[in-house]
1. With only alpha-carbon atoms in the gyration tensor, what are the semi-axes of the equivalent ellipsoid for the range 114-220, in Å, largest first?
2. Ranked highest first by average number of other Cβ atoms within 10 Å, how do 114-122, 186-194, 53-61 line up?
3. In Å, what Rg and Dmax follow from the Cα atoms of the range 45-164?
4. Given a cut-off of under 8 Å on Cα pairs at least six residues apart, what relative contact order in percent is computed for the range 32-271?
5. Which FRET efficiency value, to the nearest 0.05, do you get for N264 and K64 by plugging their Cβ-Cβ distance into 1/(1 + (r/R0)^6) with R0 = 51 Å?
6. For the range 32-271: lysine pairs with Cα atoms under 12 Å, gap of 8 or more or different chains, count?
7. If I take R0 = 51 Å and measure r between the Cβ atoms of D150 and K22 in this structure, what FRET efficiency does the formula 1/(1 + (r/R0)^6) give, to the nearest 0.05?
8. Note down, for the range 32-271, the three equivalent ellipsoid semi-axes (square root of 5 times each alpha carbon gyration tensor eigenvalue), biggest first, whole angstrom.
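The numbers here are math on the coordinates, done by the rules we state, and not lab data. The structure presented is a predicted model; accordingly, all values stated were derived computationally and were not measured. In this analysis, Cβ positions are derived from the backbone assuming ideal geometry, glycine residues included, and neighbour counts consider all displayed protein chains.
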Amino acid sequence: MGLFFKDYESSGSGIAKNAPKKKGFALFCDIFFRKFWNIIGLNMLYFLFFIPLVLAFAVMSFIKDSTIATALIILCLAVFAIFIGPATAGLTKVMRKFVLEKHSFITRDFFDGFKENFKKALIVGILDVIVALSAFAAYNVYPGLAVLYDTKVFYVPMVLTLSLALTVVIMNFYIYLMMVATDLSFKELIKNSFALTFVGMKINLVTFVIYAFILISMLALLIGSPVLFMILMPFIPAAILWFVVCFNSYPVIQKYVINPYYTNMGKINPELLDDTDDEVEQIFEDMGGKEKPIEKRKKGKGRHIS
């Protein structure tokens, strides 16, 4: 009823400073809807780095000369492979701050993450493109060979290639987050992300199901309505998808990578502490949750001073 009959003459007791923090899905929704327009803006920024891939598809559709088309497609894919990794690192740097509920200067943090992690992210991005192309080729080539030679043995390399691609996808849930949050070497990033692929199996499965659902939905949209697909791509779904990944995967990194590091030094991970310092003298006390509710004034007869 408050939607239609708003009461501006009374108030509650406010929100207590030490009120229980939201967790799980409630926290996800709280952060997601507070940061929704920032996430959309991030998607628009991130989409700029997909333009070479879009151009590659355009070349396949509109240029008939196979030699020229092949050269342009290779060029577009090379540009995409070079920049998509660092761009994902920039996106991850901002998303990690969202998940930790810390302030972010979005554009500056994005490009800081881009530059600070360029070398490592470049290698990861190129490997991701190679694995994606290999999986695509395996899915399209091996079944045909199996039919041509009338043997199912060709399904074995196809399954192995697709299994490798799946493992790499899940490793990506962790490698970029550790890249922007730690000073681990490239070798350690690969080793830890591979280990967390299996250690965090339960949450990885949840994340992958959501990940796959979003991708399949966009693929269905591409097939059913290419124009609508192109209209939506600059706004969704990459940043939304990556927010889900960061929200689900970063606690796993904290538990198995970051927290043990601080525990070995006899310290507490500062990411788990509040930003406020209880030892600092406070001039004013936060009265949220303690204020006496203001009751609505009763209407009655009487003289009004104008």
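1. Values: eigenvalues 173, 51, 39 Å².
The three semi-axes for the range 114-220 are 29, 16, 14 Å.
2. Values: 114-122: 17.9, 186-194: 16.2, 53-61: 14.6.
Result, highest mean first: 114-122, 186-194, 53-61.
3. 18.6, 60
4. Working: 228 pairs, mean separation 54.0, N = 240.
After rounding, I find 23 percent.
5. Values: r = 62 Å, r/R0 = 1.22.
My answer for the efficiency is 0.25.
6. Working: K35/K97; K35/K102; K93/K102; K93/K115; K120/K187.
Count of close lysine pairs: 5.
7. On the way: r = 58 Å, r/R0 = 1.14.
Using R0 = 51 Å, I get an efficiency of 0.30.
8. 32, 23, 17
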